[in-house]
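The values are calculated or read from the model by the stated rules, or taken from the named source; none is laboratory data. From a predicted model like this one, the values you see are computed outputs, not experimental measurements. Positions of Cβ are backbone-derived with ideal geometry, glycine not excepted, and every protein chain shown enters the neighbour counts. Side chains included, ligands, DNA and RNA excluded: accessible areas come from the protein's heavy atoms. Shrake-Rupley method; radii C 1.70, N 1.55, O 1.52, S 1.80 Å.
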Amino acid sequence: MSYSVHPSAIVDDGAQIGEGSRIWHFVHVCGKARIGKNVSLGQNVFVGNKVTIGDNCKIQNNVSVYDNVTLEEGVFCGPSMVFTNVYNPRSLIERKNEYRDTLVKKGVTLGANSTIVCGVTIGEFAFIGAGAVINRDVAPYALMVGVPARQIGWMSEYGEQIPLPISGSGTYTCPHDGSLYTLSGNTITKA
């Protein structure tokens with residue numbers, strides 16, 4: 001086995017798990033899940049059947065990654081953050097055929113106790129603050145906070161706030177890696 005699994009964890013037959021991944025205490029990985037290389041699944045994590053987790057993701061304690069969620073490379077899921085897959089659930093009504101896809105793109109940070117309402121796409125390197133509720137698509141590099149979440153700025157790939165307005169124009173050079181970020185309208189691009 002090219003990955004490690006704590007004895008208390010359950011990994012169902014058929015699950016695809018990449019080299020160097022670490023599965024900690026009381027985790028349950030369903031049999032059709034696909035997990036990349038060097039992924040860390042913290043204590044009490046659940047991974048559903050129709051889930052794809054990219055390389056180098058870190059999923060902290062008490063996170064359930066439900067069906068129809070895709071995490072691209074390098075996504076950080078903070079402790080106890082929440083994914084959903086049914087928009088309007090009722091216990092007495094079966095809605096498994098109404099699951100909505102959720103896509104979390106490369107490098108995104110999902111803060112502790114944040115909630116991601118199903119059916120959204122979160123753009124590359126966006127940063128979702130602790131406790132925020134995301135109920136609509138998020139632009140790449142956007143810094144989102146609140147309930148419901150609103151954009152209050154931009155974040156660099158290094159994980160620090162970019163000192164540019166939410167909309168307008170301007171440039172910023174990251175002092176850590178020299179990357180150039182350009183704001184045009186309400187979109188940030190990295191050169």
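The heavy atoms of Leu164 offer some 30 square angstrom of accessible surface to a 1.4 angstrom probe. The alpha carbon centroids of region 50-99 and region 129-181 are separated by 23 Å. Using C-alpha pairs below 8 Å separated by at least 6 residues, the relative contact order for region 1-81 is 22 percent. Probing with 1.4 Å while keeping every protein chain in the model, the per residue accessible area of region 31-113 equals 50 Å². Among Gly18, Gly131, Gly178, the residue with the largest mean-square fluctuation in a Gaussian network model of the chain, with springs joining Cα atoms closer than 10 Å, is Gly178. Within straight-line reach of Lys58, meaning a Cα separation under 16 Å, sit the following lysines at least 8 residues removed in sequence or on another chain: Lys37, Lys105, Lys106. Remark: C-alpha extents of region 1-130 on the principal axes read 40, 34, 20 Å, sorted largest to smallest. Residue order by solvent-accessible surface for Ile162, Ile10 is Ile10, Ile162, largest first, with ligands and nucleic acids left out and a 1.4 Å probe.
As a length-normalised measure over Cα pairs under 8 Å and 6 or more apart, the relative contact order of region 62-161 settles at 21 percent.
Ordered by 1.4 Å accessible area with all protein chains kept, Asp55, Asp67 run largest first as Asp55, Asp67. Within the listed set Glu94, Glu157, Glu19, the Gaussian network model of the chain (springs between alpha-carbon atoms below 10 Å) gives the highest mean-square fluctuation for Glu94.
State the answer as a single residue: which of Cys77, Thr115, Thr171 lies farthest towards the positive end of the charge dipole of region 43-191, with beta carbon charges of +1 for Lys and Arg and -1 for Asp and Glu, about the Cα centre. It is Thr115, whose Cα lies furthest towards the positive end.
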